[in-house]
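Note sheet for the following structure.
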Amino acid sequence: MEALLLALAIGFVSGLRTMTSLAALALTRSTLWGIVLSIAAVGEYVVDAMPNVPSRTALPSIVVRPVSGAIAGWLIAAWHGGSPVAGAIAGIVGALAGTYGGHAARLWAIARIGAIPAAIAEDVVAIALAALLVTR
């Protein structure tokens with residue numbers, strides 16, 4: 001059960017930031033892939049703050065985020081003795097929740113604190129949650 005909750009939660013991170021979940025997992029197991037995926041995650045943070053970036057609920061993002069969630073869910077479930085397939089499914093569900101929930105939260109935050117602070121706040125939430133999950 002713990003493995004599936006971790007998969008759901010790491011999938012949620014994928015819904016917030018596609019590369020953050022994968023980078024966090026890779027950093028715990030592989031230096032090279034951890035570095036490559038961390039660079040990709042930093043690039044995503046920068047690009048995400050730009051005003052002309054399409055919505056996360058539009059193509060291709062709405063497909064890429066659940067794929068990231070599936071991979072991350074598969075890995076974290078397997079590493080914690082759970083079913084990789086169930087972990088992948090939980091990761092997809094988490095990614096969709098993170099995608100739509102993060103979108104709603106981001107719009108709410110933009111109206112109150114502005115676009116850049118809202119993007120940074122979401123980055124911090126994704127990084128902190130990913131760090132918490134991969135250290136369990």
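FYI, it's all coordinate maths here, none of it is from the lab. Predicted model only: the values in this text are computed from it and were never measured. In this analysis, Cβ positions are derived from the backbone assuming ideal geometry, glycine residues included, and neighbour counts consider all displayed protein chains.
Please find the FRET efficiency linking HIS80 to LEU59, where r is the Cβ-Cβ separation and R0 is fixed at 35 Å, and quote it to the nearest 0.05. Intermediate results must be reported in sequence, preceding the final value.
Details: r = 32 Å, r/R0 = 0.92.
Efficiency for this residue pair is about 0.60.
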Checked against the structure, the computed Rg and Dmax of the Cα atoms in Å among [x] 16.9, 61; [y] 22.8, 81; [z] 14.0, 43 is the one labelled [z]
Return the calculated 222 nm mean residue ellipticity for the chain, to the nearest 500 deg cm²/dmol, obtained by summing -39500 (n - 2.57) across DSSP H runs with n ≥ 4 and dividing by the residue count.
-28500 deg cm²/dmol
Label ILE116 and MET50 with points 7 Å out from Cα along Cα→Cβ: what is the distance between them in nm?
1.6 nm
Nitroxide proxy distance, nm - points 7 Å out along Cα→Cβ at SER30 and MET1
3.3 nm
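Taking neighbour counts of Cβ atoms within 10 Å as a proxy for exposure, in what order, fewest first, do TYR45, TYR100 appear?
Working: TYR45 18, TYR100 15.
Going from sparsest to densest Cβ surroundings: TYR100, TYR45.
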